[in-house]
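The values are calculated or read from the model by the stated rules, or taken from the named source; none is laboratory data. Here the structure is a predicted model, which means the values were calculated and not measured. Here the Cβ is made from the backbone with ideal geometry for all residues, glycine too, and neighbour counts use every protein chain on show.
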Amino acid sequence: MEFPLPGAKASTVASVDAADVELAETLENLDGADNYAAWIFEQVAPHLGDEVLEIGAGHGTFTGLLSAQSARVAATDVSERCVGILSSRFADDPRVVVLKGTTADAAALPPFDSAVLINVLEHIADDDAALRDLSAALKPGGRIILWVPAFAFLYSDFDRKIGHYRRYRKAGLAAKLSRAGYDVTEIRYMNSAGALAWLVVARLLRRAPTGGTAVKIYDSYFVPVLKRVERRWGVPFGQSVFAVATRRGDQ
């Protein structure tokens, strides 16, 4: 089951515009976390098709990785600021189309082989509706690929400020995907050390866990070790949940 927010209601979550201001620096810091981005992309890459829809592309950290492997990437975001950054960054990449819009807008586009959401689903108030929208945006047998924050007990004031409505557990996310018309093919926790760091820094110390120096240290020294450890052994908890699900052909 999905855990309720500890002490937070939807009405207290930052608005899209307010969250976008908070996210700007975070996205810039994470754009330089090359090891972390590569680790996430290693999980995503085997499940991609030629036609890829990226929801919540942000500053394009993953857009470039996606376009290097796919024939076409539709990179979308609801933030005018992010759409401007994306348009400038990929102006010379013919494989990338930048669009401003929601998951409902994406459902009106020609169908895709894959839909990718990296730390995005938690920003959407009605995530069930978003998953249904994306099912409509996929070809039968197309895949949705999700990376979302894990565990409600890690929900912090920083989560609220950057517009997180929730954090997930595997069972709750799998149930949502099934109800929305998908068959889950892979789901697991990732980044176990990140969960502990988030608990201490964001939840207990009430500090932003994505400061530039902290991100660089974690990316340089922790991520390479975690990649080796978690590739060999599954972990029972993590900062994030990674999930892949296939759109049912009868939807």
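The number of residues in the stretch 138-169 that are in contact with a Phe, Trp or Tyr (Cβ under 7 Å, 6 or more places away or on another chain) and in a helix (DSSP H, G or I) comes to 2. Looking at the stretch 17-31, which of the residues that are under 23 Å from Ala152 (Cβ atoms) and either over 16 Å from the mean Cα position of the chain (by Cα) or at pLDDT 95 or above (or both) is surrounded by the most Cβ atoms within 10 Å (Cβ to Cβ)? That would be Glu22. Of the residues in the stretch 201-216, not one is buried (at least 19 other Cβ atoms within 10 Å of the Cβ) and either aromatic (Phe, Trp, Tyr) or in contact with a strand residue (DSSP E or B) (Cβ under 6 Å, 6 or more places away or on another chain) (or both).
Looking at the stretch 67-80, can you tell me whether even one residue there is surrounded by 20 or more Cβ atoms within 10 Å (Cβ to Cβ) and more than 28 Å from Ala18 (Cα to Cα)? Yes - at least one qualifying residue is present in the stretch 67-80.
Yes or no, residue by residue, for (1) closer than 28 Å to Arg160 by Cβ; (2) hydroxyl-bearing (Ser, Thr, Tyr); (3) touching a Lys or Arg at 6+ places or on another chain (Cβ under 8 Å); (4) without any contact (Cβ under 8 Å) to a residue 60 or more places away in the chain:
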{"site": "Arg188", "(1), (2), (3), (4)": "yes, no, yes, yes"}
{"site": "Trp198", "(1), (2), (3), (4)": "yes, no, no, yes"}
{"site": "Leu205", "(1), (2), (3), (4)": "yes, no, no, yes"}
{"site": "Val215", "(1), (2), (3), (4)": "yes, no, no, no"}
{"site": "Trp233", "(1), (2), (3), (4)": "no, no, no, yes"}
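Scanning the stretch 95-112 for residues that are in a loop (DSSP other than H, G, I, E, B) and touching a strand residue (DSSP E or B) at 6+ places or on another chain (Cβ under 9 Å), we see that the one that is nearest to Thr246 (Cα to Cα) is Pro111. Limited to the stretch 90-115, what total is found for residues that are modelled with pLDDT under 95 and of a type in the set (Ser, Thr, Tyr)? Summing the residues that are modelled with pLDDT under 95 and of a type in the set (Ser, Thr, Tyr) in the stretch 90-115 gives 0.
When you check Arg188 against the structure, is it at pLDDT 95 or above and outside any loop (DSSP other than H, G, I, E, B), yes or no? So Arg188 fits the description; yes.
Quick grid of which residues meet (1) in a loop (DSSP other than H, G, I, E, B); (2) touching a His at 6+ places or on another chain (Cβ under 7 Å); (3) modelled with pLDDT under 90:
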{"position": "Pro209", "(1), (2), (3)": "yes, no, yes"}
{"position": "Val215", "(1), (2), (3)": "no, no, yes"}
{"position": "Val223", "(1), (2), (3)": "no, no, no"}
{"position": "Glu230", "(1), (2), (3)": "no, no, no"}
{"position": "Gly234", "(1), (2), (3)": "yes, no, yes"}
{"position": "Gly238", "(1), (2), (3)": "yes, no, no"}
{"position": "Val241", "(1), (2), (3)": "no, no, no"}
{"position": "Val244", "(1), (2), (3)": "no, yes, no"}
{"position": "Gly249", "(1), (2), (3)": "yes, no, yes"}
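Looking across the stretch 116-139 at every residue that is of a type outside the set (A, V, I, L, M, F, W, C) and either under 15 Å from the mean Cα position of the chain (by Cα) or modelled with pLDDT under 95 (or both), the one that is nearest to Asp31 (Cα to Cα) is identified as Asn119. Within the stretch 57-68, residues that are of a type in the set (Ser, Thr, Tyr) sit with their Cβ atoms under 6 Å from residues that are assigned to a loop (DSSP other than H, G, I, E, B), at 6+ positions apart or across chains, in these pairs: Thr63/Ala57; Ser67/Asp93; Ser67/Arg95. Of the residues that sit in the stretch 77-94 and are in contact (Cβ under 8 Å) with a residue 40 or more places away in the chain and part of a loop (DSSP other than H, G, I, E, B), which one is farthest from Ala24 (Cα to Cα)? The selected residue is Val78. Remark: pairs (first residue in the stretch 101-124, without any contact (Cβ under 8 Å) to a residue 60 or more places away in the chain and surrounded by fewer than 23 Cβ atoms within 10 Å (Cβ to Cβ); second residue β-branched (Val, Ile, Thr) and assigned to a helix (DSSP H, G or I); Cβ separation under 9 Å; 6+ apart in sequence or on different chains) = Ile124/Thr103.
Those residues that are surrounded by 12 or more Cβ atoms within 10 Å (Cβ to Cβ) and among the basic types (Lys, Arg), I need them from the stretch 217-251; list them, please. Listed by number, the residues that qualify are Lys227, Arg247, Arg248. Residues in the stretch 32-48 that are buried (at least 19 other Cβ atoms within 10 Å of the Cβ) and not in a helix (DSSP H, G or I): Ala33, Leu48.
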